[in-house]
Amino acid sequence: MATTADFRNGMVVELDGDLYTITYFQHVKPGKGGAFVRTKLKNVLSGAVIERTFRAGEKVEEVRLVRRPVQYSYTDGQFYYFMDGETYEQIPLPAETIGGDQLAYLKENMMCEALSRDSEPISVELPFFVELEVSETEPGVRGDTAQGGTKPAKLETGAVVQVPLFIETGDLIKVDRRENKYLERVSS
């Protein structure tokens, strides 16, 4: 158990059966009444952000999560299989554990991080920046660059991002998966 005096950014707490990471906290001591702590909490599994106020000294359940490297192997349609980088054990996880927005960027042999509670994996985080090959895109039209034009490009994993007109099918590009945004072309 931890109190509000122990709060720090990145701390994981359990509230109402869900795990939350503290992303922001502020101790407030008004001139009248008792002190309290304002917080912003991010749900570890869904990513939803909530705001919650705690009375000063209120106790919360602190949770220790362990991060360990895992490598994506394959999917059988129902589960996604990851290999633990330390024990070489296969870990099957359902799509809900990974998160739908991340699945669009998941490719074989990709190194990820598994978050585990009591040696039981609860979620997987992909790297923020991924390098993927453009599988199809329209050819850029010369003269369409007055406003720094972009066009949609489908990547090898099925994700679609907006890329500059000079990007062609077969190019390797770096993408920020959090914002679904093209960053740069990677030289091979």
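Give the range of the longest stretch in the chain that excludes all chymotrypsin sites (Phe, Trp or Tyr not before Pro) found in loop regions by DSSP and having at most 11 other beta-carbon atoms within 10 Å. Mind showing how you got there, number by number?
Details: sites that count: Tyr88, Phe128, Phe166.
Here the longest run is 1-87.
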- Positive-end residue, the stretch 53-173 charge dipole about Cα centroid, Cβ charges, pick of Phe79, Phe54, Leu132: Phe54
- Task: Please quote Rg/Rh for the chain to two decimal places, taking the Kirkwood radius as Rh and restricting both calculations to Cα atoms.
- Result: 1.10
- Query: What residues qualify as long-range amide H neighbours of Leu45, i.e. H under 5 Å apart, gap of 5 or more or another chain, H built at 1.01 Å from N?
  - Reply: Leu19
- Past the 24 Å Cα-Cα mark, which pairs from Lys151/Lys174; Lys107/Lys154; Lys154/Lys174; Lys42/Lys107; Lys42/Lys151? Lys42/Lys107; Lys42/Lys151
- Message: Between the stretch 85-139 and the stretch 36-74, what is the separation of their alpha carbon centroids in Å?
- Response: 20 Å
- What number in nm² do you get for the stretch 1-94 if you take the convex hull of its Cα atoms and divide its surface by four? 7.6 nm²
- Item | Size of electric dipole in the chain: Cβ of Lys, Arg +1 and of Asp, Glu -1, about Cα centre, debye, nearest 20 | 1140 debye
- Query: Within the P(r) computed for the stretch 129-186, what percentage of the Cα pairs occupies the region above 15 Å?
  - Reply: 40 percent
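Only helical DSSP H runs with n ≥ 4 go in: add -39500 (n - 2.57) per run for the chain, normalise by residue count and round the 222 nm mean residue ellipticity to 500 deg cm²/dmol.
-500 deg cm²/dmol
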- Task: Quick one: among Gln102, Gln26, Gln71, which has the greatest mean-square fluctuation in a GNM of the chain with alpha-carbon springs under 10 angstrom?
- Result: Gln26
- Item | Loop-resident sites, the stretch 1-103, for trypsin sites (Lys or Arg not before Pro), counting at most 11 other Cβ within 10 Å (DSSP) | Arg8, Lys32, Arg64
- P(r) of the stretch 66-125 over all Cα-Cα pairs, binned every 10 Å from zero, in whole percent: 25, 63, 12
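Each reported figure results from applying straightforward, stated rules to the coordinates on display, with no laboratory input. What you are looking at is a predicted structure, and each value in this text was computed from that prediction instead of being measured. Don't worry about glycine lacking a Cβ; one is built from the backbone with ideal geometry, like all the others, and counts go over all protein chains shown.
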